[in-house]
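In what follows, a single structure is set out as structure tokens and then discussed.
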Amino acid sequence: MTLNQLIGNWSFERSISGQGQMTGTAVFSERPDGLLDYREVGQLQIANGSFAFNRSYLYQVRADGFEVFFDEAPPRLFQRVDLTETAHGLTGSGHHLCPPDIYDSRYEFHLPNRFLIVHAVDGPRKAYVIRTEFKRQD
């Protein structure tokens, strides 16, 4: 996987099981330091209304996959993802402990036009699945 395969504009639809829906746009752009900058904006629809949101991460490609960092100073690791090639693209999984909650994630890349990220979140404070499907805009 190379940075060039994700660079560009994407639209996405996100469902949060039992809680709401999100729609928005995301942009991946390459930074001078070689990291990939990810920024998203959109609308969250829940039972009591609609709310604007935004989020950003940093991606670093490795020989066997990539790492996702929270966009903060200094960057903090969210997940390390090892990728394997399948007949339909690249797949991988990641794990993040946010005590006392756990994020187990699945990544499916059907590049150049779409990819999917699913986070299963479990713990005493959280129990839901976040499913986000991305489609290339450009």
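Starting from residues that are closer than 18 Å to Ala26 by Cα, surrounded by 12 or more Cβ atoms within 10 Å (Cβ to Cβ) and not hydroxyl-bearing (Ser, Thr, Tyr), keep the ones in region 46-60 and report whichever is farthest from the chain's Cα centre (by Cα).
Filtering first and then ranking leaves Phe51.
Determine whether Gln21 is more than 16 Å from the chain's Cα centre (by Cα), in a strand (DSSP E or B) and closer than 15 Å to Thr132 by Cα.
Here the answer is no, as Gln21 does not meet what is asked.
Name the residue that is least open to solvent (accessible area, probe 1.4 Å), counting only residues in region 118-130 that are in contact (Cβ under 8 Å) with a residue 24 or more places away in the chain and either β-branched (Val, Ile, Thr) or under 19 Å from Leu83 (Cβ atoms) (or both).
This residue is Ile130.
Output the residue which, of all residues in region 101-117 that are open to solvent by 70 Å² or more (accessible area, probe 1.4 Å) and in a loop (DSSP other than H, G, I, E, B), is farthest from Arg136 (Cα to Cα).
For region 101-117, the residue satisfying everything is Pro112.
For the structure I just gave you, tell me whether Leu77 is open to solvent by 30 Å² or more (accessible area, probe 1.4 Å) and touching a residue at least 60 places away in the same chain (Cβ under 8 Å).
Criteria not met by Leu77.
Those residues that are open to solvent by 20 Å² or more (accessible area, probe 1.4 Å) and assigned to a strand (DSSP E or B), I need them from region 6-18; list them, please.
Asn9, Ser11, Glu13, Ser15, Ile16 - these are the residues of region 6-18 that are open to solvent by 20 Å² or more (accessible area, probe 1.4 Å) and assigned to a strand (DSSP E or B).
Failed condition for Asp33, given (1) more than 18 Å from the chain's Cα centre (by Cα); (2) in a strand (DSSP E or B), with all others met?
With respect to (1) more than 18 Å from the chain's Cα centre (by Cα); (2) in a strand (DSSP E or B), Asp33 is out only on (2).
Suppose the filter is charged (D, E, K, R), open to solvent by less than 60 Å² (accessible area, probe 1.4 Å) and free of Cβ contacts under 8 Å to residues at least 60 places away in the same chain; does Asp33 pass it?
no
Kindly establish whether Ser93 is within 12 Å of the chain's Cα centre (by Cα), open to solvent by 20 Å² or more (accessible area, probe 1.4 Å), within 22 Å of Trp10 (Cβ to Cβ) and of a type in the set (Gly, Ala, Ser).
Yes, satisfied.
The values are calculated or read from the model by the stated rules, or taken from the named source; none is laboratory data. Treat the numbers as computed from the prediction; the structure is a model and nothing was measured. Every residue, glycine as well, gets a Cβ built from its backbone with ideal geometry; the counts of neighbours run over all protein chains shown. The area values use the complete protein model at the heavy-atom level, side chains included, leaving out ligands, DNA and RNA. Shrake-Rupley method; radii C 1.70, N 1.55, O 1.52, S 1.80 Å.
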